[in-house]
Amino acid sequence: MFVRNELGEDATGHDWYHVDRVRRNALHICKHEKTGDPFIIELAALLHDIPDEKLNTTIEQGRAKLDSFLNKIMITDEAKGHIEEIIHSISYKGGQKTKLKTMEAKIVQDADRLDAIGAIGIARAFAYGGKKGQSIYDPEVQVRAEMTLEEYRKGKSTSIHHFYEKLLKLKDLLNTDTARKMAEKRQQMMLNFLEQFYQEWDGQDL
Ligand code: ADP
Ligand code: NI
């Protein structure tokens, strides 16, 4: 309920349904890989967007919100510490790599990344782009290969560029075989979409 209330109104792709899909993907990966603690995985998946900088005025405020929720429920200090560690370590943020310490963190990160690709990923990219007022595509904008977090958030880009700056790279950054298998069809879906997009853009389908 807490998560649903906090996230319900957001339209940048961080809505309740995203969280619910991440939870389901994460538990699926956990079951298939036969590893990781499902209790930790489920809670971390449910709470993973609570401290997001886009939903809070400051990073500290986001951390405090997560912390205060975890203090209210009956879990051990160890579980609480682990869940906070997972959530603070998994975000993509322009490709900056943080080494994940536990299997649970790897699984929740894979589950979150799977929801950024495929048909859902395409829809989320354009929803995010629309909300930010960015174009769907502009052939004159360069694809940014390397970028700082600041540039990733603030630089001029388009939703189609986001595929090259992040979405198409995600499949090679996954941690588990189960997620890599799930990513195959989603990756193909994005590649087909881009091919068709350029054909229509250039009028080659006339
Ligand atoms: P992260 O912070 O881990 O990079 P976000 O929370 O910013 O991811 O992303 C939320 C959703 O919006 C994701 O599906 C992501 O791919 C999409 N998104 C993020 N940045 C952009 C962008 N510049 N253009 C289009 N979609 C974006
Ligand atoms: Ni997420």
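The values are calculated or read from the model by the stated rules, or taken from the named source; none is laboratory data. All figures in this text were calculated on a predicted structure; none of them were measured in a lab. Glycine gets a Cβ as well: all are built from the backbone with ideal geometry, and neighbour counts include every protein chain shown.
Conditions tested, residue by residue: (1) more than 23 Å from residue 172 (Cβ to Cβ); (2) of a type in the set (D, E, K, R).
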{"residue": "43", "(1), (2)": "yes, no"}
{"residue": "62", "(1), (2)": "yes, no"}
{"residue": "76", "(1), (2)": "yes, no"}
{"residue": "100", "(1), (2)": "no, no"}
{"residue": "103", "(1), (2)": "no, no"}
{"residue": "112", "(1), (2)": "no, yes"}
{"residue": "117", "(1), (2)": "no, no"}
{"residue": "145", "(1), (2)": "no, no"}
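Here is a check on your reading of the model: is residue 11 aliphatic (A, V, I, L, M), modelled with pLDDT under 90 and either in a helix (DSSP H, G or I) or within 16 Å of ligand 2 (Cβ to nearest atom) (or both)?
yes
Quick check: is even one residue across the range 53-76 within 16 Å of ligand 1 (Cβ to nearest atom), under 15 Å from the mean Cα position of the chain (by Cα), modelled with pLDDT of 90 or more and of a type outside the set (Val, Ile, Thr)?
Taking every residue of the range 53-76 in turn, none turns out to be within 16 Å of ligand 1 (Cβ to nearest atom), under 15 Å from the mean Cα position of the chain (by Cα), modelled with pLDDT of 90 or more and of a type outside the set (Val, Ile, Thr).
Tell me, which residue of the range 38-81 that is in a loop (DSSP other than H, G, I, E, B) and in contact (Cβ under 8 Å) with a residue 24 or more places away in the chain is farthest from ligand 2 (Cβ to nearest atom)?
75
Report the residue count in the range 167-181 for those that are buried (at least 20 other Cβ atoms within 10 Å of the Cβ) and within 15 Å of the chain's Cα centre (by Cα).
4
Can you spot a residue in the range 133-146 that is of a type in the set (Ser, Thr, Tyr), at pLDDT 95 or above and under 20 Å from residue 49 (Cα atoms)?
no
Output the residues belonging to the range 98-129 that are without any contact (Cβ under 8 Å) to a residue 12 or more places away in the chain and in contact with a helix residue (DSSP H, G or I) (Cβ under 9 Å, 6 or more places away or on another chain).
Listed by number, the residues that qualify are 98, 99.
For residue 89, indicate whether it is within 15 Å of ligand 2 (Cβ to nearest atom), farther than 19 Å from residue 177 by Cβ and hydroxyl-bearing (Ser, Thr, Tyr).
Yes.
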